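Heads up, the thing below is written out as structure tokens.
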Amino acid sequence: MTDHHAAHDAASGYFSEGKSEEVVLARMAGDMSPRLQEVMTAVVRHLHALVKEVEPTQQEWETAIQFLTETGHMCNDWRQEFILLSDILGASMLVDAINNRKPSGATETTVLGPFHVSDAPRYESGANICLDGKGEPLLVTGRVTDTEGRPIAGAMLDVWQANDEGFYDVQQKGIQPDMNLRGIFTTDGDGRYWFKSVRPKFYPIPDDGPVGKLLRQMGRHPYRPAHIHFIVGAEGYEPITTHIFTPDCPYLHSDAVFGVKEDLIADFTKIDDPRKAADLGFPNPFDAVTCDFVLATPQQRMKG
Ligand code: BEZ
Ligand code: FE
């Protein structure tokens with residue numbers, strides 16, 4: 001090859017292994033959106049670096065394409081296999097971490113997951129969200145405050161959890177009552193809320209698709225440690241999407257989606273108080289957990 005040809009390599013668009021990124025990046029038009037340009041530049045750089053590191057055979061590349069194709073085919077209105085893929089690779093938690101950087105002082109956040117519904121019933125404090133009476137009774141109480149510890153009245157808590165067998169209502173239509181183990185509560189003037197529920201159980205993420213198969217091939221289990229989901233919001237504050245975890249779950253240190261943070265592991269206690277138990281309609285002693293939440297303002301988050 002002459003010098004003349006070498007000089008024109010990238011600009012003319014002729015492809016070579018050594019200049020692969022350069023040639024592809026040189027094709028982007030100058031007038032594209034700056035953010036798309038930034039993102040696509042990173043995509044091309046990292047994709048080419050990956051391919052150069054792995055040096056896939058033609059057949060391996062087809063396997064990768066086939067995997068992504070199956071992942072797409074698995075998606076429908078209620079199953080999002082690409083989000084599961086992002087979850088098990090830690091990408092969902094990384095995006096969450098980047099978008100909820102400390103130190104805002106707010107409660108830590110974690111993944112939303114696929115089992116939230118937008119039209120959960122609204123309840124007064126004290127309601128029992130377990131509609132079928134199945135499971136070990138649990139009293140959930142807590143407070144929502146600002147970062148100075150001042151109560152936030154009228155804060156909304158959207159709560160959902162799996163039952164004592166590790167299934168959400170939406171996974172067991174016709175077996176569990178609709179809207180079992182979900183509800184929306186509002187804090188009182190002192191920032192307090194409370195409700196009755198049952199202890200949640202650990203469960204596998206949906207693993208009957210390509211992501212489950214990949215997990216098995218990587219020698220990983222599909223389980224999430226037992227938890228209760230919360231979205232907590234109030235006028236003038238940044239909403240948080242989070243969970244609380246039970247402290248004694250066997251999967252606490254190997255969550256399939258990396259959602260556990262130390263601050264989110266809650267203190268479950270046994271309460272031995274026959275009168276209180278009778279008031280609640282619970283056996284004595286019974287389990288209780290305190291879930292307090294701290295909300296930051298948008299201004300505080302910008303500083304963080
Ligand atoms: C969940 O906690 O509901 C969940 C989160 C990520 C993937 C699957 C389930
Ligand atoms: Fe969950």
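None of the figures in this text is laboratory data; all of them are computed from the coordinates on show. None of the values given here were measured: they were computed from a predicted structure. Note that each Cβ is placed from the backbone with ideal geometry, even for glycine, and that neighbours are counted across all protein chains shown.
Annotations
- For Lys52, the aspartates and glutamates whose Cα comes closer than 19 Å to its Cα, not counting residues fewer than 8 places off in the same chain, are Glu17, Glu21, Glu22, Glu60, Glu62.
- Prolate/oblate/rounded call for the stretch 154-304, Cα gyration tensor, a/c under 1.5 rounded: oblate
- Sites Asp263 and Tyr14, calculated FRET efficiency, Cβ-Cβ separation with R0 41 Å, nearest 0.05: 0.15
- Taking Cβ atoms as reference points and 12 Å as the exclusive limit, the residues near Ile184 contribute a net charge of -1, counting Lys and Arg as +1 and Asp and Glu as -1.
- When GluC sites (Glu not before Pro) are flagged only if DSSP places them in a loop and at most 15 other Cβ atoms lie within 10 Å, the longest unflagged stretch of the chain comes out as 18-123.
- With a simple spin-label model that places each label point 7 Å from the Cα along the Cα-to-Cβ direction, the separation between Asn76 and His253 comes to 4.0 nm.
- Here the stretch 238-304 and the stretch 180-203 have alpha carbon centers that stand 10 Å from each other.
- Highest-MSF residue in the chain out of Leu139, Leu47, Leu89 [GNM, Cα springs under 10 Å]: Leu47
- Rounded to 5, percent antiparallel among DSSP beta bridges of the chain: 75 percent
- Computed as a quarter of the hull surface, the mean projected area of the alpha carbon convex hull for the stretch 35-157 stands at 13.3 nm².
- If you run the Gaussian network model on the chain, springs between alpha carbon atoms under 10 Å, then out of Pro56, Pro222, Pro177 the most flexible one is Pro56.
- Expressed in Å, the radius of gyration and Dmax of the Cα atoms of the chain are 24.5, 93.
- Choice from Cys75, Cys130, Cys291 showing the highest fluctuation, given a GNM over the chain with Cα pairs closer than 10 Å: Cys75
- Expected 222 nm ellipticity per residue - DSSP helices of 4 or more, -39500 (n - 2.57), all of the chain, to 500: -8500 deg cm²/dmol
- To the nearest ten degrees, helix 58-73 and the longest principal axis of the Cα atoms of the chain are 40 degrees apart.
- A simple spin-label model places the labels of Val54 and Arg101 3.0 nm from each other, with each point 7 Å out along Cα-to-Cβ.
- The modelled label-to-label distance between Arg45 and Thr297, using points 7 Å beyond Cα along the C-beta direction, is 3.8 nm.
- Each listed q (0.10, 0.12, 0.15 Å⁻¹) maps to a log10 I(q)/I(0) for the stretch 90-217, found by the Debye formula over equal Cα scatterers with no solvent: -0.41, -0.59, -0.88.
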